[in-house]
1. Quick one: ALA171 ticks every box in (1) within 20 Å of LEU51 (Cα to Cα); (2) surrounded by fewer than 22 Cβ atoms within 10 Å (Cβ to Cβ) bar one, so which box is it?
2. Going by what's in this entry, would THR467 be described as touching a strand residue (DSSP E or B) at 6+ places or on another chain (Cβ under 8 Å) and either hydroxyl-bearing (Ser, Thr, Tyr) or at pLDDT 95 or above (or both)?
3. State whether the residues of the stretch 512-529 include one that is assigned to a helix (DSSP H, G or I), touching a Gly at 6+ places or on another chain (Cβ under 7 Å) and under 20 Å from GLU414 (Cα atoms).
4. With respect to LEU298, determine if the residue is farther than 19 Å from SER353 by Cβ, of a type outside the set (Val, Ile, Thr) and touching a Pro at 6+ places or on another chain (Cβ under 9 Å).
5. Report, by residue number, each residue of the stretch 388-414 that is among the aliphatic types (A, V, I, L, M), more than 22 Å from the chain's Cα centre (by Cα) and not in a loop (DSSP other than H, G, I, E, B).
6. I'm trying to understand the selection: among the residues of the stretch 281-310, which are over 13 Å from VAL245 (Cα atoms) and within 23 Å of the chain's Cα centre (by Cα)?
7. Name, by its number, the condition in (1) touching a His at 6+ places or on another chain (Cβ under 9 Å); (2) of a type outside the set (Gly, Ala, Ser); (3) free of Cβ contacts under 8 Å to residues at least 40 places away in the same chain that does not hold for CYS238.
8. Which is part of a helix (DSSP H, G or I), of a type in the set (Ser, Thr, Tyr) and either free of Cβ contacts under 8 Å to residues at least 60 places away in the same chain or assigned by TED's automatic domain parsing to the domain that holds LEU479 (or both), of SER456, SER446?
Amino acid sequence: MANPYDITNAFRAIENELMKSMIRNMRRHKAEETKEGYRWSMWQTEQLKALEQYKHLNQHKYKDRFSKLNDEMAEIIRQARQEGGMKQEIAILNAIKRGFKPGNSRRAAEQMEAAFFRINDRKLEALIHSTVHDMEKAERAILRRADDQYRKIIFNAQVYANTGSGTYEKAVDMATKDFLSKGIDCIEYANGARHTISDYVDMALRTASKRAYLQGEGEMRKKWGIATVIMNKRGNPCPKCLPFVGKVLIDDVWSGGTRKDGPYPLMSAAVSAGLYHPRCKDSHTTYFEGISTPPNDLTRNEVKKVEEWNEKESKKRYAKRQAERFGRLAKYSLDRENRQRYAVKRSEWENASQSYKQREESHRGMNKGTVINKSHILSDEYVKKIQKLEASKELGRSILAEAKAMLTHRSGTEFEDLAFITGDGKVKRSVNYNVTRTAKPTKKMSNMLKREPDNSIIAIHNHPNSTPPSFDDLKVAELRRYKYGIAACHDGALYKYKVTGDLSVVHYETAVARLQKKGYNKSEINRFVDNAKKAGVEMEVLR
């Protein structure tokens, strides 16, 4: 799936290009200095000509780029819905295996599916249209804002020169300081706050893709006659979502629930009160009556920890913004002294930001139990394991290199990396640290999946807790049509898996549970391989 972070970074690159081009014109068309001083009127004339060229060039330069980015955003939202549905179906099947009885039979679900999906298709397309339409307005706004700021700088430079600022460079730096400090803040929210387009894109795309994901989950619950959900507990829930954490709700927003579905509050009322606000990181899961863990309220100590966490998070975000601010000033200021002074400030705030990040990492995602045995990973024994997995020596070398890299990268953490290798040895990887525990394909990886033939890509990911491939791993391998997948465990084990038949969650998870309970001796591993085959999976285990 395309990555929202890639889209955000693409717009951030456009912002930087617009600022860089503007400052380049300031350097190129420098005011002429005479005995009487600078000829600002002549300089302004030259700069106004450059401004017209700047406007004309940008309108043509970014038209196609904006269009492609908008198409990618629409695809991200569509795939989020698909992913939500797929994962929710797996969760429901697991609950049925544990004894849950859904409200609808599979046959009844299929009968109602067509009408229900037509309605939700319209909702999804309306969400995509609204998001892309707002993006198009924002894209026009960034070009207008850049033009307006350029014009303002042209006339302010002379004003600052008249105050006795001295050199041409200092005068221009004074005129551009406010602009460079804020960036191209072309988006104004209802509360009057102004934001850059990259910040707006990050917010809007995260919000839209999350809603699409929740819609996909809700569709699957509706098919099975389930409407109850529970808000997940996590270390740092949003302040607006805190009142609902750990609560059971009737999902009348995405799952079609009603008040008749139980003695619980409605999701729509919670949303109206602030749940699932823009950039919200909280989420819910299906609540299976009699199967799921009953809800419990947050303790006073837990609430206190949430407040402390949010305060730290606020300081971390402020430090990051300040580092970006002084970074722009250091990069684009014309005067050498100013550049040096801003570079020092940037370094100070970067150090502060890194300090907050390190403290955060110590509280989430770190696990001493997942530290790898480096001597084993670098040993000849490990190389021989890899060679058993792949007949091609060239592909074997690529697999070994990627396995070593991700195990070393993720040693001591609970995070995963993901790599794709084609038949001719091309490699694409996702190593977005501390973003998500489960690695997702980047935009380039998604393009590789579309471009390469089915059953031609080898997928490798690491398992920090050294467990066998999950049923989710198998479903993903089937959906993406891998040649095969490899799970490289932090304890040195390797699992090679390929979907060869109809997947059976019951047979497979029973096999995994038995393996983990009985231990990883040779006889149990052989039994696991045989049971995996019955569940529709060809499995090879090397420990």
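1. (2)
2. The answer is yes for THR467.
3. Checked against the condition, which is being assigned to a helix (DSSP H, G or I), touching a Gly at 6+ places or on another chain (Cβ under 7 Å) and under 20 Å from GLU414 (Cα atoms), the stretch 512-529 yields no hits at all.
4. yes
5. LEU389, LEU395, ILE399, LEU400, ALA401, ALA403 - these are the residues of the stretch 388-414 that are among the aliphatic types (A, V, I, L, M), more than 22 Å from the chain's Cα centre (by Cα) and not in a loop (DSSP other than H, G, I, E, B).
6. THR286, TRP309, ASN310, listed by residue number.
7. Just one mismatch for CYS238, condition (3).
8. Values: SER456 fails: part of a helix (DSSP H, G or I).
None of the other options fit; the residue is SER446.
The values are calculated or read from the model by the stated rules, or taken from the named source; none is laboratory data. Note that the structure is a prediction, hence the values are computed from the model and not measured. Cβ sites come from the backbone with ideal geometry, for glycine too, and all protein chains shown count toward neighbours.
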